[in-house]
1. At q = 0.10, 0.11 Å⁻¹, what is the log10 ratio I(q)/I(0) for the chain, with the Debye formula run over Cα points and no solvent?
2. Using helices alone, I'd like the mean residue ellipticity at 222 nm for the chain: each DSSP H run of four-plus residues gives -39500 (n - 2.57), total over residue count, nearest 500.
3. Using DSSP to call loops (not H, G, I, E or B), can you name the trypsin sites (Lys or Arg not before Pro) in segment 1-88 whose Cβ has at most 15 other Cβ atoms within 10 angstrom?
4. Describe numerically, in nm with one decimal, the distance between label points set 7 Å from Cα along Cα→Cβ at Phe14 and at Gln111.
5. Could you work out how far apart the two model spin labels at Glu118 and Phe54 are, taking each label as a point 7 Å from the Cα in the direction of the beta carbon, and quote it in nm?
6. Most fluctuating residue of Pro46, Pro131, Pro87 in a GNM of the chain with Cα springs under 10 Å: which is it?
7. In the chain, once you exclude exposed chymotrypsin sites (Phe, Trp or Tyr not before Pro) (DSSP loop, at most 16 other Cβ within 10 angstrom), what's the longest stretch remaining?
8. Considering the dipole of segment 22-196 built from charges on the beta carbon (Lys and Arg +1, Asp and Glu -1) around the Cα centre, which of Ser104, Tyr91, His114 is farthest to its positive end?
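Every number in this text was worked out from the coordinates using simple rules, so none of it is lab data. This one's a predicted model, so the numbers in the text were calculated from it and none came from an experiment. Every residue, glycine among them, receives a Cβ derived from its backbone with ideal geometry; neighbour counts consider all protein chains shown.
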Amino acid sequence: MTNLIPLLDRNRRFASTDTRSHTPRLPFLPHRGLFVICCIDCRVDPAEFLGLEFGEALVARNVGGRVTAAIIQDVAYASFLVEEKAPEGPYFEAAVIHHTGCGSRLLEDGQLRHEFAERGAYDEQALADLPVTDPADTVRTDVQRLLAAPQISRHITVSGHVYDVDTGLVTTIVEATAPAAAAAEPLNASPQAHVIEAH
């Protein structure tokens, strides 16, 4: 039996409401104007810690919430479609969120990393760059990766945040910045952080 079976009752309750009819118009114009990038960790669910509701944000999750080539492609595609199909916008903000106590740090173990790389023919150096050792530092790095990616629309903004799994609070590390504005900023710029209460 699939583990999804017990959740199908929830699906039927969802289907009995009109929630699905409150969708934002295409393409990729979420109600809150957000594209949230965060970790796959089950402790880090943006629907819970940000209180996101149906249609409010695009969400991409991967190990560590890192900005990988696949994430850049997704953000580029979404922003390209807005430019082409809804140039009047509104455009979205890509919010990169790393978290404390991230399981990606297990990849700091060279032996474990090597064995995993061999299992899937993964690039071992890319895996070595993956761990969220200091979330404030790694989120700055990933914001810069998005801002520097030439395929990303100049119309979106990118911000960086850290979610503390112990306190439940989100701290903004990098304020929302447009790619064009970022070109003039030094890579080690670190705006003053402020704390947002998570829902």
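1. -0.47, -0.57
2. Rounded to the nearest 500, the figure is -9000 deg cm²/dmol.
3. Within segment 1-88, the qualifying trypsin sites (Lys or Arg not before Pro) (loop, at most 15 other Cβ atoms within 10 Å) are Arg25, Arg43.
4. With each label point 7 Å from Cα toward Cβ, the separation is 4.2 nm.
5. Those two pseudo-labels are separated by 4.9 nm.
6. Most flexible of the set in this elastic network: Pro87.
7. Within the chain, the longest run free of exposed chymotrypsin sites (Phe, Trp or Tyr not before Pro) spans 123-199.
8. Tyr91
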